[in-house]
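Since the structure comes first, as structure tokens, the remarks are kept for the end.
Nothing in this text is a laboratory measurement; each read-out follows from the coordinates by a stated rule. Keep in mind the model is a prediction, meaning the values are calculated, not measured. Here Cβ is always computed from backbone atoms with ideal geometry, including for glycine, and neighbour counts include all displayed protein chains.
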Amino acid sequence: MRSILFLFILFCSVPMHAQGSEEVNVKKTIDEFFEGFHRKDSVAVRKTVTGTIELHTIGKNKEGNESISSVPFGNFLQAIVKIPDSVQFRELLLSYNIQVDGSMAHAWTPYEFWLNDSFSHCGVNSFQLFKEGETWKILSIMDTRRKENCYPMPPRKQD
């Protein structure tokens, strides 16, 4: 009876371990994306995404109404490499909530954005990822942006 119980526990724990390692790999892809972003390295950023990546932002428009905008990925890359060295920026991810099902993953990452050591805005990133072979790639990013009611805490001084 003990050996049957042991085998049952062993087989049940293997999928949970595999799930955990996939979550680690998804997080690694997101971290690599932001490392390249902060270095203004378009080649490093491009390695973390699919060829069909989509970028969307939800926020208030000039009239104060919620709206969604899309940015072509090539325009995003051009914009980050053109940021002058005198401008310092950091997107600080506050936590990761990662879910994986086979070759699909979703990550929810609340963040704060800092510009030249001053709080700029906050929101949440929603990443959709696809596993190409053995590598996780970002398929789409949707984010929210606001200056108040930040999730999960009010703005704080950047580390």
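More than 18 angstrom separation, counting every C-alpha pair in the range 2-144; what % is that? Tail of the P(r) past 18 Å holds 63 percent of the pairs. Bridging of K27 to aspartates and glutamates at a Cα separation below 18 Å is possible for E35, E91, D101, E112, E132, E134, D143, once same-chain residues fewer than 8 apart are set aside. Using 0.36 nm per residue and subtracting the Cα-Cα separation, the extra length available between S67 and H38 on full extension is 7.8 nm. Going 7 Å from the Cα of A79 in the Cα-to-Cβ direction, what parts of the range 124-141 have a backbone nitrogen less than 19 Å from that spot? Inside the label zone: 124-128, 138-141.
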